[in-house]
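First comes the structure, then the notes that go with it.
The values are calculated or read from the model by the stated rules, or taken from the named source; none is laboratory data. What you are looking at is a predicted structure, and each value in this text was computed from that prediction instead of being measured. Positions of Cβ are generated from backbone atoms using ideal geometry, with glycine treated the same way; all protein chains shown enter the neighbour counts.
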Amino acid sequence: MIVLCRTDATPAQRDRILAAVRGLGVEPHVREQDGRFVVEIASGADAARCDLERLAGVERVFAGEPGAHLVTWDDRTTATKVKVGDVVFGGPSTVVIAGPCAVEGLDVLLEIARAVKAAGACVLRGGAFKPRTSPYAFRGVGKEGLEFLVAAREETGLPFVT
């Protein structure tokens, strides 16, 4: 839920809005957007929405994606970066991930890992556990596949995802 405050909301009104949100048992995420005070709440019932809309200083309360502030540029100035081994996603380089859909054997995986590295990919992918439509069927070799991926990493230096 997102609480959009009026542009002329006073500091006291903002404090009451935040207290009301915290009274719902949730911690608000607060930001300013286009000169407005915006409060994002991870969850909320319709009754709470109505109560919040009645507060002085509130312009509108509407449903919104929880956590949306985490993926917008509203609150941050730098890109999100994630490391897998020494490979950084979100940096200036394009990261290529390649490998088999399902890990089925060590020899085949090592051959693929070598080809993946020679082709310039940065990360090896391979499904050690590959669920199918039926919960009782999967492709891949399970836990043993993780050992195969570790062996491929040791030989090629490629980090892996599964």
If we keep only residues of the stretch 53-65 that are within 12 Å of Met1 (Cα to Cα) and out of contact with any helix residue (DSSP H, G or I) (no Cβ under 6 Å at 6 or more places or on another chain), then the residue modelled with the lowest pLDDT is Glu65
Filtering the stretch 79-101 for residues that are in contact (Cβ under 8 Å) with a residue 24 or more places away in the chain, in contact with a helix residue (DSSP H, G or I) (Cβ under 9 Å, 6 or more places away or on another chain) and surrounded by fewer than 17 Cβ atoms within 10 Å (Cβ to Cβ) leaves a count of 2
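Taking the criterion of being in contact with a Pro (Cβ under 7 Å, 6 or more places away or on another chain), modelled with pLDDT of 85 or more and part of a helix (DSSP H, G or I), would at least one residue in the stretch 24-39 satisfy it?
Looking for residues that are in contact with a Pro (Cβ under 7 Å, 6 or more places away or on another chain), modelled with pLDDT of 85 or more and part of a helix (DSSP H, G or I), one finds none in the stretch 24-39, hence no.
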